[in-house]
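Some notes on the structure that comes next.
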Amino acid sequence: MTQHAEAMAAPDPITYLDAAAGTAVGQDYKQRFLGALDLSPGHAVVDIGCGPGTDLGRLADAVGETGSVIGIDREPRMLAEAGRRLADRPNVELRRGDVHDLPLADSCVDRARTDRVLQHVDDPGAAIAQARRVLRPGGLFGMAEPDWDSLVVADEDVTTSRRFSRFVAGRVRNATVGRDLVRLSTVAGFEINSVEAVSVVFRDFETADQILGLRRNSARAVAAAVFTEAEAGGWLHRLRTDPFLAGFTFYLVTARA
């Protein structure tokens, strides 16, 4: 791999998910998200798009030995890692499946959640309808999604920052799904229970680079002729050396079946 190609390469998905969950921002919203689900001992809960099992342990703790947790993901590698991490959790079950056709019976769980998954799927509305199908009457569905159209990176060169933000948003399949969760859930037959807009703020360049891909997405933007290499170089230099600030809006929504 050339140096240029290496600069644009995406991080390993499991490493990226672990890094995001380990940031102060990640820990804060995940704790809020867990509370919004109002889990109780004995509940059956499904984590749709569970990845490497990042949140399955917390869910298993919340529902206790009398409850059950099902993690669903379409990627065998993710399920294998989740299985390794949750091997000592008898109340956690893993299943391979797609968000558009969940491998679950109708009305079989008390709670469902999806975390930063709907931004990537083919049809967020169909995925939300699947969650509605598998929930028991009165069950809660929790959704956590960013609005990438709200991404801002502070710099004196506002034009380059705006171009960068638009470029990043343009690379996400459903970049504005966070703001659409209320509408899509209502269409699927849910009653909205709670809505919280969380301001995700980064004050450290390296952390922001890890999560937002400042360097790698700048290299991609240069390759796509969004801005020049000189503009990107000066922009990144200032971001590294000046007081840093970047952020976007993250939506936490719970809906009742």
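The values are calculated or read from the model by the stated rules, or taken from the named source; none is laboratory data. No experiment lies behind these values; they were computed from the predicted model shown. Note: ideal-geometry Cβ built from the backbone for every residue, glycine included; neighbour counts use all protein chains shown.
Is there any pair linking a residue in region 94-118 that is within 17 Å of ALA129 (Cβ to Cβ) to one that is part of a loop (DSSP other than H, G, I, E, B) and of a type in the set (Asp, Glu), with Cβ under 7 Å and at least six apart or on different chains, and which?
HIS100/ASP122; HIS100/ASP123
Given the condition buried (at least 16 other Cβ atoms within 10 Å of the Cβ), over 21 Å from GLY26 (Cα atoms), of a type in the set (Val, Ile, Thr) and touching a helix residue (DSSP H, G or I) at 6+ places or on another chain (Cβ under 9 Å), answer yes or no: does some residue in region 160-171 qualify?
Yes, that holds for at least one residue.
Could you list, in sequence order, the residues of region 134-159 that are among the charged types (D, E, K, R) and in contact with a helix residue (DSSP H, G or I) (Cβ under 8 Å, 6 or more places away or on another chain)?
Matches in region 134-159: GLU145, ASP147, ASP149, ASP155, GLU156, ASP157.
Look through region 181-192, keep the residues that are touching a Phe, Trp or Tyr at 6+ places or on another chain (Cβ under 9 Å) and not aliphatic (A, V, I, L, M), and return whichever of them is farthest from HIS237 (Cα to Cα).
Across region 181-192, the extreme among qualifying residues is PHE190.
Each row is one residue, and each column tells you yes or no for (1) in contact (Cβ under 8 Å) with a residue 40 or more places away in the chain; (2) under 14 Å from VAL153 (Cβ atoms); (3) among the polar types (S, T, N, Q); (4) surrounded by fewer than 16 Cβ atoms within 10 Å (Cβ to Cβ).
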{"position": "ARG183", "(1), (2), (3), (4)": "no, no, no, yes"}
{"position": "ALA188", "(1), (2), (3), (4)": "yes, no, no, no"}
{"position": "VAL198", "(1), (2), (3), (4)": "yes, no, no, no"}
{"position": "PHE205", "(1), (2), (3), (4)": "no, yes, no, no"}
{"position": "ASP209", "(1), (2), (3), (4)": "no, yes, no, no"}
{"position": "LEU214", "(1), (2), (3), (4)": "yes, yes, no, no"}
{"position": "ALA219", "(1), (2), (3), (4)": "yes, no, no, no"}
{"position": "ALA223", "(1), (2), (3), (4)": "yes, no, no, yes"}
{"position": "THR228", "(1), (2), (3), (4)": "no, no, yes, yes"}
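Go through region 120-138 and give me each residue that's closer than 16 Å to ALA105 by Cα and either in contact with a strand residue (DSSP E or B) (Cβ under 8 Å, 6 or more places away or on another chain) or assigned to a strand (DSSP E or B) (or both).
ALA127, ILE128, GLN130, ALA131, ARG132, VAL134, LEU135, ARG136, PRO137
Could you tell me whether region 124-133 includes any residue that is touching a residue at least 40 places away in the same chain (Cβ under 8 Å), surrounded by fewer than 23 Cβ atoms within 10 Å (Cβ to Cβ) and in contact with a helix residue (DSSP H, G or I) (Cβ under 6 Å, 6 or more places away or on another chain)?
Looking through region 124-133, at least one residue is touching a residue at least 40 places away in the same chain (Cβ under 8 Å), surrounded by fewer than 23 Cβ atoms within 10 Å (Cβ to Cβ) and in contact with a helix residue (DSSP H, G or I) (Cβ under 6 Å, 6 or more places away or on another chain).
Does ARG113 meet the test of being surrounded by fewer than 22 Cβ atoms within 10 Å (Cβ to Cβ) and either in contact with a His (Cβ under 8 Å, 6 or more places away or on another chain) or of a type in the set (D, E, K, R) (or both)?
Taking the combined requirement at face value, the residue does not satisfy it.
Confirm whether GLN119 is polar (S, T, N, Q) and buried (at least 17 other Cβ atoms within 10 Å of the Cβ).
Yes: the conditions hold for GLN119.
Return a yes/no flag: does region 97-115 have any residue that is under 20 Å from PRO146 (Cα atoms), among the small types (Gly, Ala, Ser) and at pLDDT 95 or above.
Scanning region 97-115 turns up at least one residue that is under 20 Å from PRO146 (Cα atoms), among the small types (Gly, Ala, Ser) and at pLDDT 95 or above.
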